[in-house]
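*Asks:* Pasting in a structure now, in structure tokens, and then I'll have a few things to ask.
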Amino acid sequence: MSFSGKNNGGFDPSDLRDLQEKVSRFLSDFNNKGSFLIYGILFFLGLIATLQSFYTVQPKEEAVVLRLGSYLQTTQPGLHFKLPLGIDQIFKLPTRLVLQEEFGFRTSSTSSHGASSYSKGGFAKESSMLTGDLNVADVEWVVQYRISDPNKFLFNVKDPERNIRDISESVMRRVVGDRLVGDVLTTGRTEIAADAKDLMQEIIDKYDFGIKVVSVKLQDVNPPESVKASFNEVNSAKQEQEETINVAEKDYNRVIPEARGRAEETIAKAEGYAEALVNRANGDAKRFLSVLAEYKRAPAITKKRIYLETMEERFSSFEHLTIVDPAVKGVIPLYRGLSEK
């Protein structure tokens, strides 16, 4: 059997060759396009991996790095490397900023000049508190805090901001409830803020929040609106009372020291006078004893000497001395003669 020309209705070998050429061309084209697609996908994945392999931490931030969901490290500000494609996860936190929570009011806006406007509507539930003497005070305060440990802040507690608000409100009610309303509204504000800060930090450390309380500041403390007028009258009366007490203390400080000085002066004079009398008496006693000793050795001479000394002492106190004797007819100016001698 021989094959020549076209076989109508039979098998043609040229058709097989055409089919083989078409299949070869298709496979060649497919390989070329597939290689290009694979290389493109690999390049794209490499570009994404490269872009995801670096991250930047700003100067006021710290970043917590998780690798496959487990804590790896905390990185400081700067450019850092990480494993891409979700292997390493980065959580950035503003650890060098002081964050703030407001109670009893909210800051609604701040102008370019630094002036702030506040809104107090709807926050009476936060600020209304019962004092130790069963009075009510409207206390507005601010809590400022800083993230000290980003890892603990992220993973040790759920919703740390909400917990900070709850702790602060509970602590402030406790501290205010231990004091009289007069202390809360006037002189005790600094002490209240300090005690609230210490108690908040103690509770936060107990639950390991990774937060450092910077300050607690009482912004505005007022009585409720319904009793504000009466409270102002009471404050006015207290101010008058304090003014009167200050005036009395001023007079007291002026009069009492002067009286004490006079009393001390009188006592000093009396003590000096008593000491002088005692010394004089001791001297007289010693002189008497010395005279007695001389008298015992020579009684007659001593008696005469004492008589003469006594007469001399007595006569020296007279300006003129005249002795009248009935037997004498003339008056003798005895003292003048004695003084002239």
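*Asks:* What does the net charge come to around residue 214 if you take all other residues with beta carbon closer than 14 Å to its beta carbon, with K and R at +1 and D and E at -1?
*Replies:* Cβ neighbours under 14 Å give a net charge of +3.
*Asks:* May I ask you to sort 207, 307 by Cβ crowding, counting other Cβ atoms within 10 Å and putting the fewest first?
*Replies:* Final ranking by Cβ density, sparse to dense: 307, 207.
*Asks:* Please name which of 263, 229, 274 has its Cα lying farthest along the dipole of segment 228-297 towards the positive end, using unit charges on Cβ (Lys, Arg +1; Asp, Glu -1) and the Cα centre as origin.
*Replies:* The listed residue farthest towards the positive side: 274.
*Asks:* Cβ under 14 Å from residue 247's Cβ, residue 247 left aside: what net charge do those residues give with Lys, Arg +1 and Asp, Glu -1?
*Replies:* With Lys, Arg at +1 and Asp, Glu at -1, the neighbours total -3.
*Asks:* Given Cβ point charges of +1 (Lys, Arg) and -1 (Asp, Glu) and nothing else, what value in debye, to the nearest 20, does the dipole of segment 228-297 about its Cα centre take?
*Replies:* Magnitude of the dipole: close to 720 debye.
*Asks:* Separate question: When the dipole is taken about the Cα centre of segment 159-299, and only Lys, Arg (+1) and Asp, Glu (-1) are charged at their Cβ, what size is it in debye, to the nearest 20?
*Replies:* So the dipole magnitude of segment 159-299 works out to roughly 1100 debye.
Laboratory data are not the source of any read-out in this text; all were calculated from the coordinates shown. Note that the structure is predicted; figures quoted are calculated from it, not measured. Because the Cβ atoms are built from the backbone with ideal geometry, glycine has one as well, and the counts that use them run over all protein chains shown.
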